[in-house]
Amino acid sequence: MTDDNRFILDPATGDLHGDDDRLREAGPLVPVTAEGVHTWAATRYSTLLAVLTHPDLSRELRYWKDRDSAPPGTAITRIVTDTSMLNAEGDEHRRLRAPLTAAFTPRRLKGLRPRIEQLTAGLIDRLAAMPPGRPVDMRKEFAYPLPRDVISDMIGIPAAHQERLHELTDAVAQVGGSLDDTPDLRQALHVLLGQIIDERRDSPGEDLITDLITLREQDGGRLSNDELFATIELLFIAGHVTTVNLITNAIGALLHVPDQVELLRAGKCPYSAAVEETLRWDSPIAYFPMRYALRDVEIDGVRVRAGEPVLACFASAGRDPDQYGEDAHLFDLTDPPATHLSFGHGPHFCLGAPLARLEAEVALSALFDAFPEITPAVPAEELRPLDTLLGNSTRTMPVLLGPRAQ
């Protein structure tokens, strides 16, 4: 904590949950500095719920009084300047979100399940063919390629561009490779996605890019060209990176917390419980920017002035003892949460939540059924965290698979 009583949030912290414990103890809304930005942090479950649903807090950047002083090129700046539905409100938000709802209906997801299972089976075969006895990074070899390939199929990424796209998104998802996640890399990804959209205009398919292009052309320009691009870019990046974290975190929890896998294998708990408990206990998102006060408001006894930003602390809210009891810090499949906020709440509730849940459930059940002797290759305390304020996971998840079940 600095002299002005602001916590400095460290993107490279080795103890995110310890940091969050201290934030919750400091209060429901705590002044912090995040990537050079002074903001309030909503640390507790009830406070975060109030922030996500408060009528006088908006995601629209124009309400942030200090927006022009935000440091360029940071993760926070990339999020708050996004021009998709992510930062729209009211009628504008509904206009931008509506074209995507059909892609995530229960019927559409039911139709996707066989493809998700097929991709998962292919990854399991690939894992089984790796040299026995050597550690395998489950983030890179399993948790990452599944959601990446699913969203690539849904969006309509041509095969000719997939290798370069994967190289760029390797860096965004932090799964190794030769590239770092930099503003220049994000620009290269932006340019490549633009090229893919242009090609889809000339060669339509059964995919989301084609659906959105058709809507734009048939519906009097409901989506502008810039909005079309921003929507597709958001879908592609948000549509897989957080699911990578979810699957990685779930594998880590099940392997490093004793006896939890056996509950699944014995049929005492469904794999859906593992997904929900992971979402609560180790949220794929640590902190997410930003909501701005339209006028002076009071939340949990704290005055937020007009134009001030509020940061959502999802990982902190998931371990709030006031919401989940004195054992909130424990991963326990026998007591999965009745509710959590890891997908948000209200109008901005994550559109892809059902898809993420489905992918994680299929992935976990296939992995632990295929490799009954799977064990961690290193202790949990040796796993390096992601170097970002936004995502909560580890850079690697090395395991020893053991023989494949016969």
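What follows is calculated from the coordinates using simple rules that are stated; it is not laboratory data. These figures come from a predicted structure and were not determined experimentally. Cβ coordinates were reconstructed from backbone atoms using ideal geometry, including for glycine residues, and neighbour counts include every protein chain displayed.
The calculated FRET efficiency for ILE79 paired with ARG134, based on their beta-carbon distance and R0 = 35 Å, is about 0.40. Oblate is the label for the range 352-391, because a/c, from the alpha-carbon gyration tensor with a ≥ b ≥ c as root eigenvalues, is 1.5 or above and a/b does not exceed b/c. Is the shape of the range 338-406 rounded, prolate or oblate, going by the alpha carbon gyration tensor and its root eigenvalues a ≥ b ≥ c, with a/c under 1.5 for rounded and a/b larger than b/c for prolate? Because a/c hits 1.5 or more and a/b fails to exceed b/c, the range 338-406 counts as oblate.
Near the amide H of ALA286, within less than 5 Å, lie the amide hydrogens of GLY391, ASN392, all on another chain or at least 5 residues away, with H placed in the peptide plane.
Once both labels are positioned 7 Å from their Cα atoms along Cα-to-Cβ, the gap between GLU298 and ALA26 label points is 2.3 nm. Along the range 379-393 the Karplus relation, 6.51 cos²θ - 1.76 cosθ + 1.60 evaluated at θ = phi - 60°, assigns HN-Hα couplings of x, 4, 5, 8, 6, 7, x, 5, 8, 7, 6, 7, x, 10, 5 Hz to successive residues, with x for each Gly and Pro.
Among the trypsin sites (Lys or Arg not before Pro) within the range 244-294, those in coil by DSSP and having at most 11 neighbouring Cβ atoms inside 10 Å are LYS268. Applying Stokes-Einstein at 4 °C and 1.567 mPa s to the Kirkwood radius of the chain, computed over alpha-carbon pairs, gives a translational diffusion coefficient of 59 µm² s⁻¹.
Under the shape rule built on the C-alpha gyration tensor, where the axes satisfy a ≥ b ≥ c, the range 1-153 is oblate, since a/c reaches at least 1.5 while a/b does not exceed b/c.
Measuring r between the beta carbons of GLU199 and ALA121 and using R0 = 35 Å, the FRET efficiency lands at 0.70. A simple spin-label model places the labels of SER46 and THR339 1.3 nm from each other, with each point 7 Å out along Cα-to-Cβ.
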